[in-house]
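Visitor: Here you go, one structure.
The values are calculated or read from the model by the stated rules, or taken from the named source; none is laboratory data. Predicted, not measured: the structure shown is a model, and the values here were computed from it. Cβ: placed from backbone, ideal geometry, glycine included. Neighbour counts: every protein chain shown.
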Amino acid sequence: MVKRMLFVLAAVVLVVLGLYYRAQNSAYSHKTASTIENIDNTSTDPAAYKATLDDLKTYVKTHMGASVAFTLQGSYNRAQAAAQAAAAAQAANAQVYADAQRACGGKTDSLTQARCNEAYLQQHLGSAPTASPVPAPKLSDYQVSLHAPVWTPDLAGALFLGAAVALVLGLVMLRSRR
C-alpha cells in the first residue's frame with residue numbers, strides 16, 4: 001500500500017510541476033507578444049519584429065500552454081492613416097474636376113469647353129500625382145492568434161507524461177494486490 005501511495009504522490013507532484021512549467025510557457029509567450037507590440041508601435045518597418053514573431057510562432061508550436069493572441073495596432077494605425085490620406089487626395093482631385101466644370105461651363109461648344117477643362121486641370125493639378133485608391137484596412141488582418149498544441153514533448157509535457165505513467169503504475173500495483 002505504501003509503494004502504491006508513493007506512485008500516486010509522485011503523480012500529483014509531477015502534475016503540479018507540469019502546471020507550473022505550462023504557466024511559465026504562457027508567461028514567456030505573452031511577454032514576447034508584448035515586445036512585438038511595442039516594436040510595432042515604435043517602428044514603421046515590419047521587418048523590425050518579423051524575426052521575433054517567427055521565433056514566437058515556433059515557440060508556441062513546440063510548447064504546451066503557450067497560446068497567445070495580440071494585435072499589431074501600430075501597423076493598423078499606419079495603414080488606416082495611409083487610406084485616409086489617399087481618400088483625402090482623391091476628394092481634393094474630385095474638387096478640382098468640379099471647379100473645372102464650373103469655370104468652363106459657359107463655353108458655347110463642346111471642343112472649346114474640353115480645351116478649357118484641360119487647361120484648367122493642367123494648371124491646377126499640375127505635377128501632383130494622381131492618388132491611387134487605398135482600401136481601408138481590416139483590423140482582423142492585423143490580429144495575430146497563435147494556438148499551442150494540447151500536448152508537446154517539452155518539459156511540461158514530459159512532466160504530465162511522467163505523472164500519467166506514475167498513476168498507471170500505482171493503479172497496476174493496486175490491482176495486483178487484490
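Visitor: Give the residue, chosen from 92, 27, 87, that is part of a helix (DSSP H, G or I) and touching a Pro at 6+ places or on another chain (Cβ under 9 Å).
Guide: Working: 92 fails: touching a Pro at 6+ places or on another chain (Cβ under 9 Å); 27 fails: touching a Pro at 6+ places or on another chain (Cβ under 9 Å).
Only one candidate passes the filter, namely 87.
Visitor: In addition: Which residue out of 89, 98, 114 is within 38 Å of the chain's Cα centre (by Cα) and of a type in the set (A, V, I, L, M)?
Guide: Numbers: 98 fails: within 38 Å of the chain's Cα centre (by Cα); 114 fails: within 38 Å of the chain's Cα centre (by Cα).
From the options 89, 98, 114, the qualifying one is 89.
Visitor: Take the residues in segment 24-49 that are among the aliphatic types (A, V, I, L, M) and exposed (fewer than 13 other Cβ atoms within 10 Å of the Cβ), then tell me which one is farthest from residue 142 (Cα to Cα).
Guide: Looking at residues that are among the aliphatic types (A, V, I, L, M) and exposed (fewer than 13 other Cβ atoms within 10 Å of the Cβ), I get 27.
Visitor: Moving to a separate point now. With (1) over 30 Å from residue 119 (Cβ atoms); (2) surrounded by 18 or more Cβ atoms within 10 Å (Cβ to Cβ); (3) not aromatic (Phe, Trp, Tyr) as the list, and residue 3 as the residue in question, which single condition is left unmet?
Guide: All conditions pass for residue 3, except number (2).
Visitor: Here are 2, 15: which of them is closer than 30 Å to residue 172 by Cα and modelled with pLDDT of 95 or more? Reasoning before the result, please.
Guide: Details: 2 fails: modelled with pLDDT of 95 or more.
Criteria check complete, one pass: 15.
Visitor: Which condition number in (1) touching a Pro at 6+ places or on another chain (Cβ under 9 Å); (2) modelled with pLDDT under 90; (3) surrounded by 16 or more Cβ atoms within 10 Å (Cβ to Cβ) is the one that residue 173 fails?
Guide: Going through (1) touching a Pro at 6+ places or on another chain (Cβ under 9 Å); (2) modelled with pLDDT under 90; (3) surrounded by 16 or more Cβ atoms within 10 Å (Cβ to Cβ) one by one, residue 173 breaks only (1).
Visitor: Given the criterion in contact with a Pro (Cβ under 9 Å, 6 or more places away or on another chain) and outside the structural domain of residue 165 (by TED's automatic domain parsing), identify the matching residue among 114, 82.
Guide: Just a single option satisfies the conditions, and that option is 82.
Visitor: Here is a follow-up. Give me the pairs, please: first residue somewhere in segment 37-49 and touching a residue at least 24 places away in the same chain (Cβ under 8 Å), second residue anywhere and hydroxyl-bearing (Ser, Thr, Tyr), beta-carbon distance under 6 Å, and either six or more positions apart or on two chains.
Guide: Taking only residues 6 or more apart or on different chains, the pairs are 40/49; 40/75.
Visitor: I'm trying to understand the selection: among the residues of segment 50-87, which are within 30 Å of residue 158 (Cα to Cα), surrounded by fewer than 16 Cβ atoms within 10 Å (Cβ to Cβ) and in contact (Cβ under 8 Å) with a residue 12 or more places away in the chain? Even if it seems obvious, please write down each step before you answer.
Guide: If we filter segment 50-87 for residues that are within 30 Å of residue 158 (Cα to Cα), which is where we start, we get 51-70.
Still in the running and surrounded by fewer than 16 Cβ atoms within 10 Å (Cβ to Cβ): 51-52, 54-55, 57-58, 61-62, 69.
Within segment 50-87, 52, 55, 57, 61, 62, 69 qualify.
Yes/no matrix, rows are residues, columns are (1) within 20 Å of residue 70 (Cα to Cα); (2) modelled with pLDDT of 95 or more; (3) assigned to a loop (DSSP other than H, G, I, E, B):
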{"residue": "130", "(1), (2), (3)": "no, no, yes"}
{"residue": "140", "(1), (2), (3)": "yes, yes, no"}
{"residue": "145", "(1), (2), (3)": "yes, yes, no"}
{"residue": "149", "(1), (2), (3)": "yes, yes, yes"}
{"residue": "159", "(1), (2), (3)": "no, yes, no"}
{"residue": "163", "(1), (2), (3)": "no, yes, no"}
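Visitor: Would you mind stating whether residue 154 is of a type in the set (Asp, Glu) and in contact (Cβ under 8 Å) with a residue 60 or more places away in the chain?
Guide: Details: of a type in the set (Asp, Glu): yes; in contact (Cβ under 8 Å) with a residue 60 or more places away in the chain: yes.
The answer is yes for residue 154.
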